[in-house]
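The values are calculated or read from the model by the stated rules, or taken from the named source; none is laboratory data. Worth saying up front: this structure is predicted, and the values here are computed from it rather than measured. Reconstructed Cβ throughout: ideal geometry from the backbone, glycine too, with neighbour counts over all protein chains shown. Side chains included, ligands, DNA and RNA excluded: accessible areas come from the protein's heavy atoms. Shrake-Rupley method; radii C 1.70, N 1.55, O 1.52, S 1.80 Å.
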Amino acid sequence: MKVLVINCGSSSLKYQLIDSETEGVLAKGLVERIGIPGSVLTHRPEGKDKVVIETPMEDHNIAVKLVIDALVDKEHGVISDLSEIGAVGHRVVHGGEKFNKAVLITEAVKKDIEELSALAPLHNPANLIGINACEKNMPGVPQAAIFDTAFHQTMPKRAYMYGIPYEYYEKYKVRRYGFHGTSHDYVSARAAEILGKDRKDLRIVVCHLGNGASISAVKNGECVDTSMGLTPLEGLIMGTRSGDLDPAILDYIGEKENLSAKEVNTILNKKSGILGLSGGVSSDFRDIEAAIAAGNEKAKTALETYCYRVAKYIASYAVALGGIDVIAFTAGVGENTYDVRKQVTDYLAFMGVKADAEKLKIRGEEAVISTPDSSITVMIVPTNEELAIARQTLALL
Ligand code: AMP
């Protein structure tokens with residue numbers, strides 16, 4: 001069977017068609033600027049040249065229709081008929097406390113996703129649009145919702161409560177939810193598999209360091225803590241997000257710069273992190289590395305501050321886990337950036353972490369990068385959220 005994996009944003013749609021038997025990607029692509037002038041579909045069929053289709057796309061319905069057309073197209077298609085797609089798996093950002101696992105989509109589930117939009121106003125409505133567009137274009141094909149928050153629902157209360165009046169949790173569900181759950185689940189399971197061990201016997205810290213970044217503590221196969229919170233803003237320093245800070249900063253900057261809380265929130269989400277700290281160099285670590293090589297002091301500070309925060313979180317998760325067996329680096333930065341892994345493992349030397357100087361340089365492939373006598377096994381485990389979504393979708397059928 002073929003499973004179509006959809007990750008829908010407010011003006012974008014990412015997709016992958018996965019063959020469930022081989023787990024290979026048959027085609028993947030991206031639609032951008034949906035509903036805005038300049039709509040474009042970039043379709044990448046496996047083993048063929050990529051196709052770029054520029055045509056107006058008024059809404060997500062038209063975008064999904066174009067994706068399907070591309071998948072069955074005689075020249076650049078990868079299937080001969082739409083009926084080959086047996087299921088659709090949707091990434092849904094917020095499942096609140098309602099969803100602790102993936103579910104098949106029903107009218108009731110859609111209503112719940114809509115209600116949870118209060119917690120993820122930028123994401124859940126877009127995810128729902130994608131679901132509706134697929135239902136319309138592929139009637140009768142089972143669809144599943146795979147929630148970014150679900151894996152973290154096993155956290156104990158002490159890990160998800162904030163130190164604020166309890167009534168805000170009761171009235172508005174203000175608590176830590178965590179995100180990137182599909183990745184944390186996949187990477188922790190894969191790390192155990194690579195080591196030939198049962199995940200249930202391991203204490204694993206997963207460092208998902210991409211443009212968005214989060215870290216989680218996985219004990220006996222279950223998440224016991226994670227760094228993102230009510231929203232993805234909390235925790236690590238990210239490409240453009242600040243991560244943890246003194247909440248009083250919001251008010252202080254707002255007053256000094258004459259900005260509303262909403263405007264400061266936007267700065268913390270979009271103009272902070274590595275981009276902001278480096279004085280505007282970039283949110284991309286490749287640019288930061290180049291700037292450091294060229295002697296840019298702010299870029300150096302940005303990288304050091306980033307790594308210090310990651311290391312502090314890892315060490316604190318020794319408390320959450322009662323010790324650490326495995327640290328797994330994943331996502332764009334975790335899989336590729338030597339400097340980050342080097343600095344983080346250096347900070348953790350006091351815990352007996354010993355990285356292998358040569359293996360630290362490995363990029364983008366599964367590897368153990370610690371020495372045999374290291375107290376903790378340090379690994380690179382490339383994430384594959386689409387495959388994880390396809391697997392979970394299939395499991396529901
Ligand atoms: P992700 O969100 O997982 O796609 O990660 C995106 C980020 O990973 C980019 O913004 C880069 O900072 C980083 N990244 C991706 N590829 C590389 C690479 N080859 N070397 C260094 N950093 C990379």
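Side notes on the structure shown:
- Inter-part distance where the stretch 356-397 and the stretch 65-133 are each reduced to a Cα centre, Å: 27
- Value of [θ]222 nm, deg cm²/dmol, for the chain, DSSP H segments ≥ 4, -39500 (n - 2.57) each, nearest 500: -11000 deg cm²/dmol
- Gyration tensor analysis over the Cα atoms of the stretch 275-342 returns equivalent ellipsoid semi-axes of 26, 13, 9 Å (largest first, whole Å).
- Loop trypsin sites (Lys or Arg not before Pro), the stretch 28-120 (other Cβ atoms within 10 Å of the site Cβ: 11 or fewer; DSSP): 74
- Computed over the Cα atoms of the stretch 1-130, the ratio of the radius of gyration to the Kirkwood radius (Rg/Rh) comes to 0.99.
- Translational diffusion of the stretch 76-176, estimated by Stokes-Einstein from the Kirkwood radius over alpha carbon pairs at 10 °C in a medium of 1.306 mPa s, is 105 µm² per second.
- Long-range tail of P(r) for the stretch 216-370 (Cα pairs > 27 Å, %): 29
- Interchain or long-range residues, amide H under 5 Å from residue 26's placed H: 17, 18, 19
- Accessible carbon and sulfur surface of the chain relative to its total accessible area, %, 1.4 Å: 51
- Pairs beyond 22 Å (Cα-Cα), from 101/173; 111/171; 271/359; 256/300; 98/171: 271/359; 256/300
- Within the chain, antiparallel bridges make up roughly 65 percent of the DSSP beta bridges whose residues both belong there.
- Here the contact order of the stretch 174-240, divided by its residue count and restricted to Cα pairs under 8 Å and six or more residues apart, works out to 34 percent.
- Against the main long axis of the alpha-carbon atoms of the chain, helix 261-270 sits at an angle near 90°.
- Here's the list of aspartates and glutamates a cross-link from residue 200 could span, going by alpha-carbon distance under 14 Å and ignoring same-chain residues fewer than 8 apart: 185, 222, 325.
- Remark on residue 378: its backbone amide H falls under 5 Å from those of 327, 369, 370, a criterion applied only to residues 5 or more positions apart or on other chains, H modelled at 1.01 Å from N.
- Using alpha-carbon coordinates, inclination of helix 385-396 to the longest axis of the chain, degrees: 60
- For residue 244, residues with placed amide H under 5 Å, excluding near neighbours: 235, 236
- Accessible area in square angstrom per residue, the chain, 1.4 angstrom probe: 46
- Cα long-axis angle, helix 181-195 against the chain (0 to 90 degrees, to the nearest 10): 70
- Mean separation of Cα contacts under 8 Å (6+ apart) over length of the stretch 1-150, as relative contact order %: 24
- Spatial extent of the stretch 97-248: Rg and Dmax, with the Cα atoms as the point set, Å: 16.6, 51
- Base-10 log of normalised Debye intensity for the chain (one unit scatterer per alpha-carbon) at q = 0.09, 0.13 Å⁻¹: -0.56, -1.19
- Largest-first ordering by accessible area, 1.4 Å probe, given options 162, 15: 162, 15
- The convex hull around the C-alpha trace of the stretch 185-259, projected and averaged over every direction, spans 5.8 square nanometres.
- Overall shape: prolate for the stretch 302-397, with the ratio a/c of the largest to smallest alpha carbon gyration tensor axis at 1.5 or above and a/b above b/c.
- In order along the stretch 343-359, the phi-based Karplus estimate (6.51 cos²θ - 1.76 cosθ + 1.60, θ = phi - 60°) of 3J(HN,Hα) comes to 5, 5, 5, 4, 4, 8, 4, 4, 8, x, 6, 10, 8, 7, 3, 6, 5 Hz; Gly and Pro are listed as x.
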